[in-house]
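A.B. asks: If you scroll down you'll find the structure; I have some questions about it.
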2 protein chains.
Amino acid sequence: MTVDLSALEQPIVQAPLAGGASTPELAAAVNSAGGLGFLAAGYKTAEAVAADIAKLRSLTDAPFGVNLFAPPAPVVDRSILDAYARELRADARRYGAELGKPIHDDDDYAAKLELVREQRVQVVSFTFGCPDATVMQSLRGCGCDVWVTVTSPREALLAQTAGATALVVQGFEAGGHRGYFQDDPHTEDLGLIAALRLIANSVELPLIAAGAICDGRAVAAVLCAGAVAAQIGTALMLAPEAGTSEPHRAALATPACTGLTRAFSGRQARGIVNRFMRDHGANAPAAYPDVHHMTTPVRAAARQAGDPDAINLWAGQTHSLARPAPAMEIVCTIGAEAREAAAALAARLAGPA
Amino acid sequence: MTVDLSALEQPIVQAPLAGGASTPELAAAVNSAGGLGFLAAGYKTAEAVAADIAKLRSLTDAPFGVNLFAPPAPVVDRSILDAYARELRADARRYGAELGKPIHDDDDYAAKLELVREQRVQVVSFTFGCPDATVMQSLRGCGCDVWVTVTSPREALLAQTAGATALVVQGFEAGGHRGYFQDDPHTEDLGLIAALRLIANSVELPLIAAGAICDGRAVAAVLCAGAVAAQIGTALMLAPEAGTSEPHRAALATPACTGLTRAFSGRQARGIVNRFMRDHGANAPAAYPDVHHMTTPVRAAARQAGDPDAINLWAGQTHSLARPAPAMEIVCTIGAEAREAAAALAARLAGPA
């Protein structure tokens with residue numbers, strides 16, 4: 001293993017935060033605090049990711065990770081997409097936007113794989129699936145640790161068999177996209193502690209816990225439950241270094257329900273419930289990334305207009321606990337809270353019975 | 001507070017386990033191990049509960065709890081129940097049973113309240129709602145601690161305002177019925193760590209964590225996350241002292257998906273997915289306890305026949321980790337694991353950075 005998570009100064013890994021919040025400055029700040037910073041390759045060209053890597057390397061000497069989207073499942077029936085497009089037309093009109101083309105691309109997978117190999121990025125993580133054993137070997141041959149995002153013991157076993165170095169165990173509380181290998185309506189959504197305990201009993205790999213971890217008590221909790229580090233995402237989205245949009249920041253800071261929806265991207269993701277989710281959640285097809293491309297212009301126009309009602313307000317369930325502070329301060333504070341929680345519990349349980 | 005949870009020898013509370021698994025012998029064994037045993041009053045007559053209390057008192061001198069169901073929401077439209085009854089007829093025929101009458105009773109609430117007051121039961125917990133301030137005061141006036149099961153910060157605040165002594169925070173991972181005050185389809189189902197962190201930031205009361213806690217690492221996790229004790233249910237259902245049916249025991253011991261359903265009782269509850277849930281989950285109305293009474297004879301006949309496909313196989317998400325052992329051994333082992341996890345984490349986080 002290139003990066004020994006148990007030796008991190010803070011037991012904290014940054015979530016990649018594809019789609020806007022990810023910046024090299026954020027990853028550098030997490031590194032400076034003693035955590036492990038991450039870049040999101042998703043939704044960017046390989047060239048843009050290369051530029052992010054170069055920028056991050058100018059800001060930090062410490063290891064970091066880059067997250068890639070595994071290629072999507074086969075394209076769905078075109079008529080299903082047409083039906084959803086008809087439903088979305090009124091929203092596009094409302095924001096003066098055109099719907100995007102329902103492209104079924106693979107997010108420039110091959111070029112990004114080549115990039116992270118060539119750049120010998122220390123940690124390469126995957127979401128939405130598991131790379132095959134050949135890809136896994138080629139990455140590990142370049143000195144990259146390979147992490148796979150999993151949501152169930154079954155996926156964990158597949159990733160271990162394919163040769164993963166570590167697993168990001170995502171609980172259903174997590175903001176943003178569910179990392180299922182397949183977006184199947186019959187999948188059981190496991191809560192984070194349950195997922196950690198079941199997966200820790202199924203595989204031998206180090207586990208990184210992800211899902212609504214917004215403070216140090218939650219970090220200590222997932223470490224007790226078997227994780228070697230906690231991945232925090234929403235907790236960092238109010239940092240000045242994050243690229244979070246203004247309407248998104250305002251929504252995160254306010255107590256509000258979150259829910260899972262395919263309305264924005266064609267893949268289950270957790271966001272703060274808004275009109276777009278309520279209107280389209282029931283009819284949105286499982287067609288990723290086609291639906292993502294269809295709604296991109298509508299979401300961009302709504303963001304431009306400062307209207308949160310048609311933006312994908314990705315957020316973990318504890319978003320109201322996110323703190324507006326520099327990322328380095330957030331990570332150090334959460335780390336200190338985790339130490340305090342662990343010490344207090346050990347003292348209580350060791351005390352006179 | 002009558003029962004100081006932080007002074008328990010084991011930071012473990014037994015879940016009430018209404019509907020079959022609850023026995024005085026199980027509660028006594030949990031007490032003997034240094035945890036807090038519980039009796040379920042639900043689905044029993046007040047006389048049967050009185051007998052359970054007498055039996056338990058003959059087995060233990062330690063405090064224990066009794067769980068009551070708060071009265072249900074108003075009755076639903078009769079035509080909705082008739083439609084569901086038509087759907088269930090084939091199942092009744094399959095097992096040679098008649099559907100039960102869709103009675104809208106309150107589980108003998110007043111008589112049970114009177115009983116626990118008169119018996120000065122140390123802990124009286126409520127599920128499915130919050131007793132009003134008058135009931136709360138009368139119980140506390142009799143020396144009873146009053147715990148209310150909550151699933152959200154909103155419910156936690158209502159229970160605190162009404163005068164609760166402590167809150168049972170139920171994560172969506174939990175087996176059996178969701179404890180929502182109202183079974184509203186728009187409710188956000190919070191994962192256990194998220195629920196604990198949000199509620200700990202909203203109220204001042206001691207929190208007991210519930211939801212798929214099957215081993216000591218999970219206990220340590222919820223204590224880090226802010227709970228003063230962990231409530232375990234499924235973890236005890238394979239104990240010989242539990243009244244768990246044979247087909248239910250067999251299902252718990254096998255890895256299998258769980259899901260939330262209203263099919264059996266008219267209220268969301270988590271069980272191992274079986275044919276009855278798949279066939280009726282989508283159409284079952286939110287009509288508790290009417291639907292519970294309708295399906296009772298069918299479930300009893302299926303249980304009698306040893307057929308798990310029409311039994312409510314309540315189970316938390318980690319049911320496959322439940323251990324077949326005497327309840328005292330289960331509680332002591334889980335307690336020891338929790339101590340070990342807490343000590344190991346404190347040592348790691350205190351170590352050289």
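A.B. asks: Along the principal axes of its C-alpha atoms, what lengths does region A:181-336 span, in descending order and rounded to whole Å?
C.D. replies: Over region A:181-336, Cα extents along the principal axes are 42, 39, 22 Å.
A.B. asks: Would you mind telling me which residue in A:ALA256, A:ALA41, A:ALA33 has the biggest mean-square fluctuation in a Gaussian network model of chain A, where springs connect alpha carbons within a distance under 10 angstrom?
C.D. replies: So, out of A:ALA256, A:ALA41, A:ALA33, the one fluctuating most is A:ALA256.
A.B. asks: Still on this structure: Label-point separation (nm) for B:LEU157 and A:GLU204, each offset 7 Å from Cα along Cα-to-Cβ?
C.D. replies: 5.1 nm
A.B. asks: For a protection proxy built on the mean count of beta-carbon atoms within 10 angstrom, sort A:142-151, A:87-96, B:238-247 highest first, please.
C.D. replies: Averaged packing, sorted descending, gives the order A:142-151, B:238-247, A:87-96.
A.B. asks: Another question, then. Obtain the nm distance between the two label points defined at A:ASP132 and A:ALA253 by a simple spin-label model: each point lies 7 Å from its Cα along the Cα-to-C-beta direction.
C.D. replies: 4.9 nm
A.B. asks: Let me ask you something else. What does DSSP give for chain A in terms of the percent of beta bridges that are antiparallel, rounded to the nearest 5?
C.D. replies: The antiparallel proportion sits near 20 percent.
A.B. asks: For B:GLY141, go 7 angstrom from Cα along the Cα-to-Cβ vector, then report the distances to that same point in the other copies in nm, smallest first.
C.D. replies: Computed spacing set for this position: 8.0 nm.
A.B. asks: Using a label point 7 Å beyond Cα on the Cα-Cβ vector, give me the inter-copy distances for B:ALA51 in nanometres, one decimal, shortest first.
C.D. replies: So the distances to the same position in the other copies read 7.8 nm.
A.B. asks: If the label point is 7 Å along Cα→Cβ of A:THR60, which residues in region A:219-235 have backbone nitrogen under 17 Å from it?
C.D. replies: Zone members listed by number: A:229-235.
A.B. asks: In nm, what does the list of distances from A:ALA336 to its counterparts in the other copies look like, shortest first, when each label sits 7 Å along Cα to Cβ?
C.D. replies: Copy-to-copy label distances for A:ALA336: 3.8 nm.
A.B. asks: On average, how many beta carbons from a partner chain sit within 10 Å of the beta carbon of a residue in A:318-326?
C.D. replies: The per-residue average across the peptide is 2.
A.B. asks: Roughly what angle does helix A:109-118 make with the longest principal axis of chain A, taking Cα atoms, 0 to 90 degrees, to the nearest 10?
C.D. replies: Roughly 30 degrees, rounded to the nearest 10.
A.B. asks: Still on this structure, please answer the following. Label B:ARG94 and A:GLN304 with points 7 Å out from Cα along Cα→Cβ: what is the distance between them in nm?
C.D. replies: 5.5 nm
A.B. asks: Right, another one. Residue by residue through B:197-207, how many Cβ atoms from other chains fall within 10 Å of the Cβ on average? It would help to have the intermediate numbers written out before the result.
C.D. replies: Numbers: counts 12, 8, 0, 3, 6, 2, 0, 0, 0, 0, 0.
The mean count of partner-chain Cβ atoms within 10 Å per residue comes to 3.
A.B. asks: Can you tell me how much longer the chain between B:THR2 and B:ASP82 gets when fully stretched, taken as 0.36 nm per residue apart minus their C-alpha distance, in nm with one decimal?
C.D. replies: Here the segment from B:THR2 to B:ASP82 would lengthen by 24.1 nm.
A.B. asks: Local charge sum around B:PRO72 (other residues, Cβ-Cβ under 12 Å, Lys/Arg +1, Asp/Glu -1)?
C.D. replies: The answer is -4.
A.B. asks: Can you check what the net charge comes to around B:ALA305, using other residues whose Cβ is under 14 Å from the Cβ of B:ALA305 (Lys, Arg +1; Asp, Glu -1)?
C.D. replies: On the way: positive: B:ARG93, B:ARG94, B:ARG275, B:ARG299, B:ARG303; negative: B:ASP91, B:GLU246, B:ASP307, B:ASP309.
Local charge sum for B:ALA305: +1.
A.B. asks: Okay, next question. Taking the Cα centre of each part, how many Å lie between region A:77-126 and region B:202-217?
C.D. replies: Taking the Cα centre of region B:202-217 as reference, the centre of region A:77-126 is 40 Å away.
A.B. asks: I need to check one value: relative contact order of chain B, counting alpha carbon pairs closer than 8 Å and at least 6 residues apart, in percent.
C.D. replies: 20 percent
A.B. asks: Right, another one. Grab every C-alpha pair in region A:78-201, bin the distances at 10 angstrom width from 0 up to the longest one, and report whole percents.
C.D. replies: 12, 32, 27, 21, 8, 0
A.B. asks: Rg to Rh ratio, chain B, alpha-carbon atoms and Kirkwood radius?
C.D. replies: Ratio value, two decimals: 0.96.
A.B. asks: Sticking with this one: Mind checking which aspartates and glutamates have their Cα closer than 19 Å to the Cα of A:LYS112? Skip sequence neighbours fewer than 8 apart in that chain.
C.D. replies: Of all the aspartates and glutamates, those that pass the test against A:LYS112 - Cα under 19 Å, at least 8 places apart if same chain - are A:GLU47, A:ASP52, A:ASP132, A:ASP145.
A.B. asks: Also, I was wondering about something else. At 4 °C and 1.567 mPa s, what whole-number value in µm²/s does Stokes-Einstein give for the translational diffusion of region A:248-295, with Rh from the Kirkwood sum over Cα pairs?
C.D. replies: In µm²/s, the coefficient is 118.
A.B. asks: Also, I was wondering about something else. Taking Cα atoms, how many degrees apart are the long axis of helix A:327-350 and the longest axis of chain A, rounded to 10 and kept between 0 and 90?
C.D. replies: 50 degrees
A.B. asks: For region A:308-316, take each phi angle, set θ = phi - 60°, evaluate the Karplus expression 6.51 cos²θ - 1.76 cosθ + 1.60, and give the result in whole Hz per residue in order, putting x for glycine and proline.
C.D. replies: Per residue, the Karplus-derived 3J(HN,Hα) values read x, 6, 10, 9, 6, 8, 3, 6, x Hz.
A.B. asks: Around A:CYS257, what is the net charge, scoring Lys/Arg as +1 and Asp/Glu as -1 over all other residues with Cβ under 12 Å from its Cβ?
C.D. replies: Residues near A:CYS257 contribute 0 overall.
A.B. asks: Next question. Show the residues, 5+ positions off or on another chain, whose built amide H is closer than 5 Å to the amide H of A:GLN10.
C.D. replies: A:GLY35
A.B. asks: Which ³J(HN,Hα) values, rounded to whole Hz and listed in residue order, are derived for region B:157-168 from phi using the Karplus coefficients 6.51, -1.76 and 1.60 in 6.51 cos²θ - 1.76 cosθ + 1.60 with θ = phi - 60°, glycine and proline given as x?
C.D. replies: Going residue by residue, I get 5, 4, 5, 5, 4, 6, x, 4, 7, 7, 10, 8 Hz, with x marking Gly and Pro.
A.B. asks: Using the 10 angstrom Cβ neighbour count as an exposure proxy, how do A:GLU118, B:GLU340 rank, fewest first? Display every interim value, and only then the final one.
C.D. replies: Values: A:GLU118 10, B:GLU340 14.
Ordered from fewest to most neighbouring Cβ atoms within 10 Å, A:GLU118, B:GLU340 come out as A:GLU118, B:GLU340.
A.B. asks: Any chance you could give the angle, 0 to 90 degrees and rounded to 10, that helix B:78-94 forms with the longest Cα principal axis of chain B?
C.D. replies: The answer is roughly 90 degrees.
Computed from the coordinates by the stated procedures, all read-outs in this text should not be read as laboratory data. What you see is a predicted model, and the numbers here were worked out from it, not measured in a lab. Quick reminder, even Gly has a Cβ in these numbers, built from the backbone with ideal geometry, and neighbours come from all protein chains shown.
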